[in-house]
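A short worksheet on the structure shown next.
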Amino acid sequence: MRDYKPKADVQQKAYYNDRFFVTPLIPRLEVSTDEVFANDVEVLSSTIKLLDKYLEKEHLVIYINPKDNLKTLELLKTKLEYEMLMELSAIDYIALKGGFEIFYEMLSLTKRKRLRVKCFIEEKQPIESVYSLFKMANWAEREMYDMYGVKILNHPNMKRILMPNDWHDHPLRKTYPLHGDEAASWYEVDKIFGKEARQIIGPEIRDAAAIDRYDTTRFARLGHEVPYGVDISNGKEPEHTPLAYQEEQGVKLIKKFKEEDSVTLKERR
């Protein structure tokens, strides 16, 4: 496992540098350029206060106050024929703005149009559940709570959906370490075997790219297979499983595919 380095200040550093390509902003168009969306905005504006509105990639995007999220989605569903809630989630802007941007992606099968509702909440500010309107919000809101820590009000079953109930912090926050913190590396060992087994088993390898060719207990084997738990620390594998087994098989398969491709190409000619 890589050495853990605190990342609490990671967002305070330069967000872009010359190593990465900065994607240009998508052009935003006036709502009046689309007759259907212009009518939708007019209906919404009569009931809901719209903080911003524009067209982006043939989507209508509207910004609202977070307290109006349920009211807005109800109006879209009952009066404007946006029958489906396709997705909802949060975007972490804690370091930049001190909170989350919540979005709801709506689809109208009748109009063949998509509309995105956005609002901004503070880091610890709760938001109303939309489960009463769209049942798909059940798991999506639980995931938003689990991964980002966004509190949802009046949800029928507000608890974690991916991580264990006693897991510390929320993995999709930008301040969360990519391979988990120190507690995460011992979580399964402590839960299954107890802390007294730490010295025997060792911490969980959370780096998906880590491969140890002498580790026969974690199945991170490279180039060959051996029975579980076989001691090969001396570098000698059983005779029936040569080191280059997978590599040799791979070379043979590639050669075979090339030959078959060449035959097929000749037949086409």
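The values are calculated or read from the model by the stated rules, or taken from the named source; none is laboratory data. The structure displayed is predicted, hence computed values, not measured ones. SASA here: full protein model, heavy atoms, side chains in, ligands and nucleic acids out. Shrake-Rupley method; radii C 1.70, N 1.55, O 1.52, S 1.80 Å.
What to note about this one:
- The mean accessible area for residues of the stretch 67-204, using a 1.4 Å probe and ignoring ligands and nucleic acids, is 54 Å² per residue.
- Accessible surface of the stretch 83-190, 1.4 Å probe, proportion on carbon and sulfur as whole %: 53 percent
- Longest to shortest principal axis, alpha-carbon extents of the stretch 90-184, angstrom: 51, 30, 23
- Rounded Å value of the spacing that divides the Cα centres of the stretch 82-132 and the stretch 31-67: 14 Å
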